[in-house]
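Written out below as structure tokens is the structure these notes cover.
The values are calculated or read from the model by the stated rules, or taken from the named source; none is laboratory data. This structure is a prediction, so every number in the text was calculated from the model and none was measured. Note: ideal-geometry Cβ built from the backbone for every residue, glycine included; neighbour counts use all protein chains shown.
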């Protein structure tokens, strides 16, 4: 009797879990014409780009961690979420930087906004709290970018199954700029230059 009761309870638990399914989140930042756009920063950007919304040569990508963390190194990017900016995504397109759509730009193509897929976060059931980060970059990947940026880490409760996907309406906004070399890069460059000068003096 007890054994059958335990088996029955486990069956009910499995059904409940499967009914909720894997956790999902809708990867987009456009909810209305007043939704914040992702822009170039005010400095350390190409000439004439400061403050402009990102055009179709830039893409956004979602990174996640199953649980709550403040350590960005623990997050894993989801390549299937890579989506180019504008209403013409997800592929790279010709929308110009700054070409947003709002009351003042009724013909705009949505620079600064991305309309990505509903991402399924395998291993995190619906109702799970996860840590997320949005990355934006040119050049096809964050590591290869000449201009990039990341949001602060934030938490969401996932949708999925009987629940609608979670959305990014509360995600922190951010800007992008040209990456600044790490101090160690400057140090190595300095050592290299010093070594060259020593070699030249010895030859002289």
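The table below lists the values:
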item	result
Residue that is surrounded by the fewest Cβ atoms within 10 Å (Cβ to Cβ), among those in the stretch 70-94 that are at pLDDT 95 or above and within 17 Å of residue 33 (Cα to Cα)	87
Test: residue in the stretch 4-19 that is modelled with pLDDT of 50 or more and farther than 19 Å from residue 160 by Cβ	yes
Test: residue 116 is surrounded by 20 or more Cβ atoms within 10 Å (Cβ to Cβ) and within 12 Å of residue 60 (Cβ to Cβ)	yes
Residue tally, condition in a loop (DSSP other than H, G, I, E, B), more than 13 Å from the chain's Cα centre (by Cα) and modelled with pLDDT of 95 or more, over the stretch 171-187	1
Every residue from the stretch 119-137 that is out of contact with any helix residue (DSSP H, G or I) (no Cβ under 9 Å at 6 or more places or on another chain) and surrounded by fewer than 20 Cβ atoms within 10 Å (Cβ to Cβ)	120, 122, 123, 128, 129
The stretch 140-170 - residue that is on the phi > 0 side of the Ramachandran plot and modelled with pLDDT under 95 and, of those, surrounded by the fewest Cβ atoms within 10 Å (Cβ to Cβ)	140
